[in-house]
Protein chains: 2
Amino acid sequence: MPHSLDPIFRPRSVAVIGASTAPKALGRQILENILNYRFCGPVYPVNPKTSELLGLRCFPSVQAIPDAVDLAVVVVPRPAVPGVIAECGTKGVRGVIVITAGFRETGEEGRQLEEAVAAEAARYGMRLVGPNCMGVINTDPHVRLNATFAPTMPLAGNVAFLSQSGALGVAILSIAEERNLGLSSFASLGNKADVADDDVLAYWADDPATSVVLMYLESFSHPAEFARVARQISRKKPLLVVKSGKTQAGARAAISHTGALAATSDLALDAFLAHCGVQRVGTVEELFDLGLAFARNPLPPGPRVAIISNAGGPAILATDAVIGHGLEMARLSEATLAALRPRMPEHASVSNPLDMLPDADAPLYGFALERILADPGVDMALVIFVPPLMVDPVEVIGALETARRTAAKPVVGVLMAPEESRALLHETFPDHLALCQFPESAARALAGLERQRRWCARGPGQEPKLQVHRAAVEQILEQAQREGRCELHLHECFQVLEAYGIPVARYALVRSAEAAEEAARSLGFPVAMKLPWAGIAHKTEARALALNIRSTDQAFHTYHGLTHGGALGDTVLVQEMLSGRETILGMLRDPNLGPLVLFGLGGLFVETLRDVAFRPVPLTDLDAQELIAAIRGYPILAGVRGQKPVAFASLEEAILRLSRLVQDFDVLEEMDINPFFASERPEECRAADARIRLRPKP
Amino acid sequence: MPHSLDPIFRPRSVAVIGASTAPKALGRQILENILNYRFCGPVYPVNPKTSELLGLRCFPSVQAIPDAVDLAVVVVPRPAVPGVIAECGTKGVRGVIVITAGFRETGEEGRQLEEAVAAEAARYGMRLVGPNCMGVINTDPHVRLNATFAPTMPLAGNVAFLSQSGALGVAILSIAEERNLGLSSFASLGNKADVADDDVLAYWADDPATSVVLMYLESFSHPAEFARVARQISRKKPLLVVKSGKTQAGARAAISHTGALAATSDLALDAFLAHCGVQRVGTVEELFDLGLAFARNPLPPGPRVAIISNAGGPAILATDAVIGHGLEMARLSEATLAALRPRMPEHASVSNPLDMLPDADAPLYGFALERILADPGVDMALVIFVPPLMVDPVEVIGALETARRTAAKPVVGVLMAPEESRALLHETFPDHLALCQFPESAARALAGLERQRRWCARGPGQEPKLQVHRAAVEQILEQAQREGRCELHLHECFQVLEAYGIPVARYALVRSAEAAEEAARSLGFPVAMKLPWAGIAHKTEARALALNIRSTDQAFHTYHGLTHGGALGDTVLVQEMLSGRETILGMLRDPNLGPLVLFGLGGLFVETLRDVAFRPVPLTDLDAQELIAAIRGYPILAGVRGQKPVAFASLEEAILRLSRLVQDFDVLEEMDINPFFASERPEECRAADARIRLRPKP
C-alpha cells in the first residue's frame, strides 16, 4: 500500500512553483539541484513570466501542466502561497514542500496564515512539508530527488537525516560530504505545519535504504506519538539526536519541588529520549562521529575494546576515554599475544593498548587488526594512526579495510593526519571504516555502538495489569473542580492514592481536640498532626505541621495550636509517624514532553542535591526498575553499612500505579508524594505526605 | 642573565649527531628541517661515514667541529648515546636533545641507561631534553630553530606547545597548521630525564613571544614545583592541558575512604590543576579550540555573551551551550536594538541571539558585530555564519575582522563551511578571528576565556599564620614509628589534631568499668565508647564502638562488652556525643600529585554519593573557602529549611590547620577526620573520630 509520504519522498513527477530566472534565487537553485541530481521523472518549472527555463518548458501555473504532478515544491513569495496550495489541490497534486518563509516564526499573523495553508492542503488530502524549510532529498537510484537549495550534492548511503532547521540543514549536507557520510534520505521540516518528526521517523522505519537516523530537533510535534514510534524503531535502527532549545519555555512559577526540578534541569529531556531509545548527543560533531560509526559497523557483541596504535600518547588518551565512557579494555588472550609478538618491532608494547611504534606499516596494521578481532575476548577495536613520514595513510587504511571486513565486529579509526590525505582516502575506499580526528571521539563513537547494543538487548518490559478504582478518583477530582480548586486537600490526595493502590500512612480526620486525642491513641504514638488544606506548601514553615507527638496531652494542645483555637477552621489530620528511607515520587506535565513520572531520594537530598530521575508515562516494570536505579543515592536504598535493601518490589509497584494514575487522568498537572517511606518491609512502604495539583479550567 | 635552557631554545649553533645519508632516516629529516626552516646560525652535521651532507661539511665527531657548539641534537643508535653525551660534554656543548628511543620506556635496563646518560650530562652542566622525544622548535625570527623530525613547518605565533608524547607531537604540529594556529615554541620532552615540564613552563613564563601555553602531559615530573610555577604564571598567561593517564597507577589497597575516593575518581587531578590555575580540557580538539581563542582574543570583561547568526538552529545550539557552560546571555540595550532594527531584514529576530536570516551579507555582519560589541552590556560575542550560496565567507570574515579589532572584547566565530573556504581564509587574513566548526565548541572556547578572567580576578589568598605545637606531634609520630606501627591509636590521633589546634570531642581514656562510669558522668550523657586501637576501620561493624550511652550502668556494661571482659586489652576511650552536620576532613598522598587535602559531607554522603572535593597543599584561606563550597552538598552546610549556616570560619580554620599539619610532616600518608561535626556554633565544630596512617619505613 502506498504511504501518504510517498509523494514527498518518492514522487513520480515534480513541479517547482516559483522556479526563477534569476541565477541566485532559491527557486532557480532548487530546479538546478533537481536537474543536476538527475531526478528519475518529469520536472515542471512553473513561472508565468517565462516559457522556458534551463531547457525545460515552463508553465504559467501548476494547472497548466498537462500531466499528473505528484510533488510540488513551492518557492513563491509568502502572499502567493495560499493561492498556490489551492491550485495544487485542484490539480490533484499529492504532496507539497513549502520552502517559503515568513509564517509561524514571525508571529501571530504568520501563524494564522500557516494554519490556513495547512488546512487548505488537508482539505485536498495533500501532505505538506514546511513551510520555512530547505526541502527533501532521496538518494535512491530509482528516485534521485534533491529538492533542496543546498549547494552540496549528497552522497548516497544508509543514513537518513532529519533537520528541523533549514540553515543548519545546509551545513549538515556540507559536513556530511566532508566526512564522506552517505545519505539515504534527508528532510528539513521547518515549521512542521503538517508533516511532523514522528511521521518521517515512522516512514523511515520501513525504508530498506535507511539503517541509521540522525536528527536535529528543536521540538517534538507530538511527544507521545514520537515516543511510541521511536521506542519501536530504535530496536531496529539506531536513532541519534541533537536536541536544542530549553525543555520548558521560560521560567514557570513552579510551586512544588517536582516542577522546580524539571524546570531547572535538562534531566527530563534526557529521560524522555533515553526512554525512547534515542541517543542524545551533545553536539553536531558527535552526531556525525556516531552516525558514521553506525553507518559502517555492526553492533558489538559486548563492551570490550582493543586499541591498536603507532603512538603511545594517543593510545593513552583513547584508553582514558574508553574507560571514561563506561566501556572495558579487552584482555587479549595468550594465543593472540603469542601470535602478535613475533611480528612486532623490538620495543613495541604487546598488550592492550597495542603500541606498535612509529615504524608500523600497512601490512603490520592489517595483521594486528585481523588477529585482535579474531580474539573472542575482543568486542570491538579502536585503531589509531599518526602518519610518520615513511608510511602512507591510504595504504594503512586499505590494510585495515581488508582486516575489518572479515570480522563482524566494529572498528573505528583515528587518523591524525592533514586534510589532504583524507580526501584521497574517500576516493580510494568510498566505504572505508569510520574515522575520527581524535582518539576521544572514536571512543565516544564506540560507546554509542555499545549503548545501542544494550538497548536492543534490553527487552521492552511489561506494562502490568493493575486493579484500580477509577470512579473513586473521578469523584474526588470532579468535586475539587466544582469547588474551583486546583489543589486537593491532603485527605483527598490520600484517597486518590489509596484508590490506585498506592499505600499511605494510616490517618484520621478530627474536628476537636478530644477527637485528636482519641485518634492519636488509636493510631499509636508518636503521631503527626497537620492542617490538611490545599495550598500550604512547606508545612513546617507555615506552622501547619507538628511531628512526633508523643502523648494525648500533646495531641490536645497541638490541635489548638494548629487551628489557632479554631480560627483556621477546625479539621485536623492525625496520622501515624512512619520511618524508613525517605523518597519522593512525583509527576509533572512538561509542555514539550508530556507527562513525566519522577523518583528520587526525599528530604534533604531532593532539595539540595536534586538527586532525582524522570520517565515519561506509560512505564513498564523494567522502566520502573531503571528509574529507581538511576538516582545517585541508589546505594542508600540498596543498603549501606550492613543495612538491608528496601522492598524494591513495593517501591516499583507504587511507581507503576502512579504512572497508571497519570495516564488515566489528563487533568492531573503535578503531584508530589514526599516523603514516600521506603522500608525493608513491603507493608511499611507508604506515603506520608502528598500534594496534587489539577490543570486550571480554561 | 642567560637561562640554562637558552642553549636548547635559543642556540647560536647546532650540531646534528647522527645526521644520516638515508633519505627517510630521522637524522636526515631533522637536518633538513633545521636547514629548510633557515636556522639563524651555523649547522654542523656529524656522521663519520661521509664528509658532506646536504651541501654542508660533515664532521666525523662533535669534537672535530672547529667552532663552539651550543646545542647538539642526538639521533645515534641507543648504544652509542652515552659515548656521544660524554663527547658533547668534553667539547663544551651546553644543551643536548636526545631523540633516540629505547630507554626508560622499555624497562629496567633502559631506565638505568637513561639515568647514566642524564648523570653524564649533568656532570658537564649540560641540560638534556629527552630521550625518546621529537625535538624542539622556536619560531623567533632571530632563532628559527626547527629541531624536530615532524613533516610540518610550523607557523609563527604566540602559542607555546609542550608535548610529552613525541608521536602526538607530530599530529599536533599538523593540526596546528590545519587550524592556522601559530606557535612561538614547541617542545616534545619524551622521558624527561632532565628537562621537565615545570622547567619549560618557567622558561616560557619569561618568553615575550609566548602568551598562551598548551600542554599534553602524561605525568608531572615534580608536582609541587609544577604547582608553584603554574600558579604564578597562570595569572599572566593562560595554561591549558590535556592530561592523560590515570591519577593512581593501578588499583591500590586503600583501606580508608579518603584513599578509595581518590583512587576511583579523577577528582584529585581536576582539583590539582584547578588549584594551579591550569585549565584542563577533555580532548586535543578542545585544546586547539581554546588555544586559538586565547591566541586571538583579550580576556572578556565579564560573562555576558551576544550571539549573531544567519541561521536559527545553530543560534539555538549556541545559546544552549552558552548557558550550559555557565556563561550568561547578554541583554542588549535599547540603544543597541534601536540601532540594529532599521538595518535588519524583515523577519530578522532582533534580540540575543540576533538572527539576521540567510540573506545577511558581509556589511551587515560587520555592522551588527560593531554595534553589539559597543554595547556595555556585552562582554563577548559568538558569531555564526552558515554560508548560503550568495554570500562569500571570506568577505564576511573580513567584515568581522574590522569590527572586532576596534573593540577590545573577545569574538569567536563558527564557520559551518567546507574546508576549501577555510584555506583561502587563512591566506587572506592570517590572524583572523578564532573559528570553530560547531556552535558548541565556540561557546566552550568563550567559557575558557571567562574562566581565565575569573582566575585572574581571584586573588591568590593568604596563607594564614597559625600557632601549632610541632614538637608534640613529632613525639607521637616517632613513638608510633619506634613501635613499628603505621597507624596511630585514636587518642594519639586526637592528640595530633589538638596539637595543631583542630578541635576534637572531649574524651577520656579509662582502664576499668568504674572509671568508664566516672568519665561518662563527668563528660555528661549521652557518651560514646570506643576501643582506641589502631587498625579498626569501620568501628560499628567491628563492634569496637558503642554510641548513645545514656547511663552509668550502660557505661559499665559497655566497658565489659567492648573489652570482652578485658581480653582485647582494657583501655577504652569515652567521649562526648557531638551533634551537627557531619563532614569529613582528610588527606592523602597521591603518588603523582603529592599531598592533597579532602573535604566532603560525612556519613552516608561520603560513602554513597562521594560528595567530596580535593586540594593540594599548601592552602590559602581562599583555597579553603573554595574547597568547602565545591561540594554538591554545600547548601546543607549553608542551611536549608530555615536552618542556620554552620560556622564556616571554624571549618575553614580546621582545614587550614590540617593543611599545615600535612605540610609539616612528610611521614603522614593518609588521614580521615570523619565525622568532623560542623555546627552553627564555632565551639561545637569538632572532630568525633579520626584515623592517621604513616608511611611505612623503607
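The values are calculated or read from the model by the stated rules, or taken from the named source; none is laboratory data. Being a predicted model, the structure only gives us computed values, none of them experimental. Note: ideal-geometry Cβ built from the backbone for every residue, glycine included; neighbour counts use all protein chains shown. Surface accessibility is based on the protein's heavy atoms, side chains included, excluding ligands, DNA and RNA. Shrake-Rupley method; radii C 1.70, N 1.55, O 1.52, S 1.80 Å.
Only one of the numbered conditions (1) touching a His at 6+ places or on another chain (Cβ under 9 Å); (2) of a type outside the set (Gly, Ala, Ser); (3) within 11 Å of chain B (Cβ to nearest Cβ) is violated by residue A:180, and that is (3). Scanning segment B:403-428 for residues that are in a helix (DSSP H, G or I) and either modelled with pLDDT under 90 or within 10 Å of chain A (Cβ to nearest Cβ) (or both) turns up B:405, B:406, B:419, B:420, B:421, B:422, B:423, B:424, B:425, B:426, B:427, B:428.
Candidates A:174, A:188, A:219: the one that is within 14 Å of chain B (Cβ to nearest Cβ) and closer than 21 Å to residue A:274 by Cβ is A:219.
Restricting the first member to segment B:438-463 and to residues that are part of a helix (DSSP H, G or I), and the second to residues that are among the aromatic types (Phe, Trp, Tyr) and buried (at least 24 other Cβ atoms within 10 Å of the Cβ), the beta-carbon pairs closer than 8 Å and six or more apart or on different chains are B:448/B:294; B:449/B:294; B:452/B:294.
For (1) open to solvent by 10 Å² or more (accessible area, probe 1.4 Å); (2) closer than 18 Å to residue B:277 by Cβ; (3) in a loop (DSSP other than H, G, I, E, B), each residue gets a yes or a no:
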{"residue": "B:599", "(1), (2), (3)": "no, no, no"}
{"residue": "B:618", "(1), (2), (3)": "yes, yes, yes"}
{"residue": "B:635", "(1), (2), (3)": "yes, no, no"}
{"residue": "B:640", "(1), (2), (3)": "yes, no, yes"}
{"residue": "B:645", "(1), (2), (3)": "yes, no, yes"}
{"residue": "B:651", "(1), (2), (3)": "no, no, no"}
{"residue": "B:654", "(1), (2), (3)": "no, no, no"}
{"residue": "B:661", "(1), (2), (3)": "no, no, no"}
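The number of residues in segment B:204-222 that are in a helix (DSSP H, G or I) and in contact with a helix residue (DSSP H, G or I) (Cβ under 7 Å, 6 or more places away or on another chain) comes to 1.
Here is a check on your reading of the model: is residue B:394 within 17 Å of residue B:425 (Cβ to Cβ) and outside any helix (DSSP H, G or I)?
On the way: within 17 Å of residue B:425 (Cβ to Cβ): yes; outside any helix (DSSP H, G or I): no.
Criteria not met by residue B:394.
Take the residues of segment A:123-166 that are farther than 25 Å from residue A:294 by Cα and of a type in the set (S, T, N, Q): which is nearest to the other protein chains (Cβ to nearest Cβ)? Filtering first and then ranking leaves A:132. If you check B:188, B:174, B:165, B:184 for being out of contact with any Lys or Arg (no Cβ under 9 Å at 6 or more places or on another chain), farther than 29 Å from residue A:391 by Cβ, open to solvent by less than 20 Å² (accessible area, probe 1.4 Å) and among the small types (Gly, Ala, Ser), only one passes: B:184.
Screening A:62, A:96 for residues that are modelled with pLDDT of 95 or more and within 37 Å of the chain's Cα centre (by Cα) leaves exactly one candidate, A:96.
Can you tell me which residues in segment A:101-154 are among the aromatic types (Phe, Trp, Tyr) and buried (at least 24 other Cβ atoms within 10 Å of the Cβ)?
Narrowing segment A:101-154 to residues among the aromatic types (Phe, Trp, Tyr): A:103, A:124, A:149.
The answer is A:103, A:149.
Within segment A:473-492, take every residue that is assigned to a helix (DSSP H, G or I) and under 27 Å from residue A:552 (Cβ atoms) and give me the one that is most open to solvent (accessible area, probe 1.4 Å). Give the derivation first.
Within segment A:473-492, the first condition is being assigned to a helix (DSSP H, G or I), and the residues that meet it are A:473-482, A:490-492.
Then keep just the ones that are under 27 Å from residue A:552 (Cβ atoms); that gives A:490-491.
On the way: A:490: 5, A:491: 26 Å².
Filtering first and then ranking leaves A:491.
Somewhere in segment B:561-571, is a residue within 14 Å of another protein chain (Cβ to nearest Cβ) and modelled with pLDDT under 90? The answer is no, given that none of the residues of segment B:561-571 is within 14 Å of another protein chain (Cβ to nearest Cβ) and modelled with pLDDT under 90. Among the residues making up segment A:632-653, those that are within 14 Å of chain B (Cβ to nearest Cβ) and charged (D, E, K, R) are A:632, A:641. Summed over segment A:664-681, the residues that are over 18 Å from residue A:647 (Cα atoms) and surrounded by fewer than 22 Cβ atoms within 10 Å (Cβ to Cβ) give a count of 5.
Go through segment B:90-100 and give me each residue that's of a type outside the set (A, V, I, L, M, F, W, C), crowded, with 20+ Cβ neighbours inside 10 Å and out of contact with any Asp or Glu (no Cβ under 7 Å at 6 or more places or on another chain). If the condition is that a residue be of a type outside the set (A, V, I, L, M, F, W, C), crowded, with 20+ Cβ neighbours inside 10 Å and out of contact with any Asp or Glu (no Cβ under 7 Å at 6 or more places or on another chain), then B:100 is the only one that fits.
Being aliphatic (A, V, I, L, M) and within 17 Å of residue A:377 (Cα to Cα) is the filter; apply it to segment A:339-364 and report the residue that is nearest to the other protein chains (Cβ to nearest Cβ).
Within segment A:339-364, the subset aliphatic (A, V, I, L, M) is A:339-340, A:344, A:348, A:350, A:354, A:356-357, A:360, A:362, A:364.
From what's left, within 17 Å of residue A:377 (Cα to Cα): A:339-340, A:350, A:354.
Numbers: A:339: 22, A:340: 17, A:350: 12, A:354: 14 Å.
If we take residues in segment A:339-364 being aliphatic (A, V, I, L, M) and within 17 Å of residue A:377 (Cα to Cα), then A:350 is nearest to the other protein chains (Cβ to nearest Cβ).
Between A:169, A:190, the distinction of being part of a helix (DSSP H, G or I) and assigned by TED's automatic domain parsing to the domain that holds residue A:118 belongs to A:169 only. For segment A:538-546, the criterion of a residue being under 26 Å from residue A:582 (Cβ atoms) and away from every other protein chain (no Cβ under 14 Å) is satisfied by at least one position. Number of residues in segment A:304-318 that are more than 7 Å from chain B (Cβ to nearest Cβ) and open to solvent by 30 Å² or more (accessible area, probe 1.4 Å): the value is 1. Output the residues belonging to segment A:496-510 that are buried (at least 19 other Cβ atoms within 10 Å of the Cβ) and over 29 Å from residue A:556 (Cα atoms). Result: A:499, A:500, A:502. Return a yes/no flag: does segment A:511-530 have any residue that is of a type in the set (Lys, Arg) and open to solvent by less than 30 Å² (accessible area, probe 1.4 Å). Yes, because at least one residue in segment A:511-530 is of a type in the set (Lys, Arg) and open to solvent by less than 30 Å² (accessible area, probe 1.4 Å). Only one entry in B:258, B:247, B:264, B:336 is away from every other protein chain (no Cβ under 14 Å) and modelled with pLDDT under 95, namely B:258. Given (1) out of contact with any Leu (no Cβ under 8 Å at 6 or more places or on another chain); (2) touching a residue at least 12 places away in the same chain (Cβ under 8 Å); (3) within 11 Å of chain B (Cβ to nearest Cβ), where does residue A:225 come up short, assuming only one miss? Among (1) out of contact with any Leu (no Cβ under 8 Å at 6 or more places or on another chain); (2) touching a residue at least 12 places away in the same chain (Cβ under 8 Å); (3) within 11 Å of chain B (Cβ to nearest Cβ), residue A:225 violates only (3). A single entry from A:391, A:383, A:378 fulfils the requirement of being farther than 19 Å from residue A:443 by Cβ and open to solvent by less than 20 Å² (accessible area, probe 1.4 Å): A:391.
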